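Q: First the structure, which I've put down as structure tokens, then a few questions once you've had a look.
The values are calculated or read from the model by the stated rules, or taken from the named source; none is laboratory data. Bear in mind that the values here come from a model prediction, so they are computed numbers and not experimental data. Methodologically, a virtual Cβ is constructed for each residue, glycine included, from the backbone with ideal geometry; neighbour enumeration extends over all protein chains shown.
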Amino acid sequence: MISVIIPHLNEPDELRRCLASLVAQRTTDIPCEIIVVDNGSAQPPTGVCADFDGVKLEVELVPGPGPARNRGAAVAQGEILAFIDCDCIAGARWIEYIVSFFARNPDVDFVGGDIRIQPAQPERLTAIEAYESVFSYRNDRYVTEYAFSATGNMAVRAKVFAAVGPFGGIGTMEDTDWGMKASAEGYRIAYLDEAKVYTPPCASLGELLVRWDRHVAHEFRKLGPHVADNLMWALKSVAVALSPLAETITVFRTRRIRSFRARVLAFAVLVCVRLHRARRMIGFLLSDNSSSTVGKWNRENT
């Protein structure tokens with residue numbers, strides 16, 4: 001059996017689309033349970049879950065997607081735990097690809113699949129869609145270069161999850177930390193391109209920048225206490241500000257977007273994002289408010 005675990009917070013419409021994409025894949029050949037874990041929504045998605053046969057609804061009040069996923073894993077019955085975010089849509093045969101891959105590769109302990117942006121009009125991308133198509137959710141790189149997977153599209157053998165331990169809380173980058181810990185302990189990760197999920201892009205540049213604020217804050221909290229650490233952080237901020245120049249080749253060679261217009265838009269947003277990241281890096285160095293920044297997961301209208 002495979003257990004699909006979905007953390008949820010205040011996104012009932014997105015959850016409905018996610019569940020529809022999963023329920024449509026159920027077959028008699030692959031036993032599958034779907035577990036939604038609500039993380040303190042203003043209105044629990046009881047009605048949404050009830051509209052789909054066999055969907056279990058759990059509640060985890062400790063804030064953060066990590067604790068919500070841990071709750072789902074604790075009650076799951078499957079030998080495979082598959083994680084997907086509630087605003088994602090599972091691609092065709094997502095469940096089948098995961099189960100089949102684990103069956104064919106007994107030496108692989110956990111996998112990360114492909115995460116793609118779902119644009120409103122694929123033939124005419126917005127600037128945010130063009131940027132995110134190239135630079136967001138590069139799960140192939142996360143898996144092959146850094147040995148972790150984004151939990152928006154990750155699956156793990158249940159016995160391996162139990163051995164490694166739970167995801168961290170809202171103050172951590174739970175997917176990065178868990179994956180790197182598992183790999184350091186000798187568990188093997190693989191990239192599964194066929195298993196695709198589709199996620200909506202950020203609605204605005206402001207929303208995209210807020211997402212990056214949390215990433216920068218997590219990195220800053222790992223900074224050492226010495227002057228040399230602060231100096232390295234300052235130098236890194238300069239490198240981030242200059243980095244769009246090095247990414248020019250990436251933007252104009254990528255196959256994830258096609259038109260020249262989309263490439264120009266992607267590069268323009270890239271410049272905005274990298275300059276914002278550099279400014280935030282210096283800001284945290286001058287006035288550390290990183291603790292309040294990391295505690296956001298769909299809990300504020302920012």
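Q: Looking at this structure, is Glu11 in contact (Cβ under 8 Å) with a residue 40 or more places away in the chain, closer than 27 Å to Ser100 by Cβ and of a type in the set (D, E, K, R)?
A: Considered against the rule, which asks whether it is in contact (Cβ under 8 Å) with a residue 40 or more places away in the chain, closer than 27 Å to Ser100 by Cβ and of a type in the set (D, E, K, R), Glu11 comes out as no.
Q: Of the residues Thr172, Thr144, Thr176, which single one is under 21 Å from Asp213 (Cα atoms), without any contact (Cβ under 8 Å) to a residue 60 or more places away in the chain and not small (Gly, Ala, Ser)?
A: None of the others qualify; the one that does is Thr176.
Q: So which of Cys49, Cys88 ends up being within 19 Å of Ala24 (Cβ to Cβ), assigned by TED's automatic domain parsing to the domain that holds Asp175, among the hydrophobic types (A, V, I, L, M, F, W, C) and touching a Cys at 6+ places or on another chain (Cβ under 8 Å)?
A: Only one candidate qualifies: Cys88.
Q: Residues in the stretch 8-38 that are closer than 19 Å to Val197 by Cβ and outside any helix (DSSP H, G or I): how many?
A: Residues flagged as closer than 19 Å to Val197 by Cβ and outside any helix (DSSP H, G or I) within the stretch 8-38 amount to 14.
Q: Taking the options Ser3, Ser41, name whichever one is in a strand (DSSP E or B), of a type in the set (S, T, N, Q) and at pLDDT 95 or above.
A: Among Ser3, Ser41, only Ser3 is in a strand (DSSP E or B), of a type in the set (S, T, N, Q) and at pLDDT 95 or above.
Conditions tested, residue by residue: (1) small (Gly, Ala, Ser); (2) in the same structural domain as Asp193 (by TED's automatic domain parsing); (3) touching a Ser or Thr at 6+ places or on another chain (Cβ under 8 Å).
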position: Trp212; (1), (2), (3): no, no, no
position: Lys222; (1), (2), (3): no, no, no
position: Asp229; (1), (2), (3): no, no, no
position: Trp233; (1), (2), (3): no, no, no
position: Ser243; (1), (2), (3): yes, no, no
position: Arg256; (1), (2), (3): no, no, yes
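Q: Select, from Val59, Val75, Val36, the only residue that is more than 21 Å from the chain's Cα centre (by Cα) and closer than 23 Å to Gly168 by Cα.
A: Val75
Q: So, Phe135, is that one at pLDDT below 95 and on the phi < 0 side of the Ramachandran plot or not?
A: Yes; evaluated as a whole, the condition is true for this residue.
Q: If you don't mind, another one. If Asp140 passes every condition in (1) under 15 Å from the mean Cα position of the chain (by Cα); (2) within 27 Å of Met1 (Cβ to Cβ) but one, which one does it miss?
A: Just one mismatch for Asp140, condition (2).
Q: Can I ask one more? Which residue pairs have Cβ atoms closer than 9 Å, lie 6 or more positions apart in sequence or on different chains, and pair a first residue in the stretch 193-222 that is of a type in the set (Asp, Glu) with a second residue that is in a strand (DSSP E or B)?
A: Between residues of the stretch 193-222 that are of a type in the set (Asp, Glu) and residues that are in a strand (DSSP E or B), the close pairs are Asp193/Gly113; Asp193/Asp114; Glu194/Gly113; Glu194/Asp114.
Q: Please enumerate the residues belonging to the stretch 49-71 that are under 21 Å from Arg16 (Cβ atoms) and in a loop (DSSP other than H, G, I, E, B).
A: Asp51, Phe52, Asp53, Gly54, Glu60 - these are the residues of the stretch 49-71 that are under 21 Å from Arg16 (Cβ atoms) and in a loop (DSSP other than H, G, I, E, B).
Q: May I pose another question? Applying the selection to the stretch 93-122, what residues are among the small types (Gly, Ala, Ser) and more than 21 Å from the chain's Cα centre (by Cα)?
A: Scanning the stretch 93-122 gives Ser100, Ala103.
Q: In addition: Is it true that some residue in the stretch 7-26 is over 20 Å from Thr151 (Cα atoms) and among the hydroxyl-bearing types (Ser, Thr, Tyr)?
A: no
Q: Read through the list (1) of a type in the set (A, V, I, L, M); (2) touching a Gly at 6+ places or on another chain (Cβ under 7 Å); (3) not in a helix (DSSP H, G or I), then give the number of the only condition that Ala190 fails.
A: That leaves (2) as the condition not met.
Q: Run down Arg258, Arg211 and say which single residue is charged (D, E, K, R), closer than 30 Å to Arg93 by Cα and part of a loop (DSSP other than H, G, I, E, B).
A: Exactly one residue qualifies, and that residue is Arg258.
Q: Let me ask something else about it. Give the stretch 39-55 a look and list any residue that's closer than 17 Å to Ala82 by Cα and buried (at least 16 other Cβ atoms within 10 Å of the Cβ), or say none.
A: Scanning the stretch 39-55 gives a single hit, Val55.
Q: For the stretch 223-255, what are the residues that are in contact (Cβ under 8 Å) with a residue 12 or more places away in the chain, in a helix (DSSP H, G or I) and either of a type in the set (D, E, K, R) or within 17 Å of Ile117 (Cβ to Cβ) (or both)?
A: Across the stretch 223-255, the qualifying residues are Lys236, Glu247, Thr250, Val251.
Q: Let me ask something additional. For the stretch 72-168, list the helices (runs of 4 or more DSSP H) that sit wholly inside it and hold at least 3 residues that are surrounded by fewer than 20 Cβ atoms within 10 Å (Cβ to Cβ); which are they?
A: Of the helices (runs of 4 or more DSSP H) lying wholly inside the stretch 72-168, those with at least 3 residues that are surrounded by fewer than 20 Cβ atoms within 10 Å (Cβ to Cβ) span 94-104, 139-146, 158-164.
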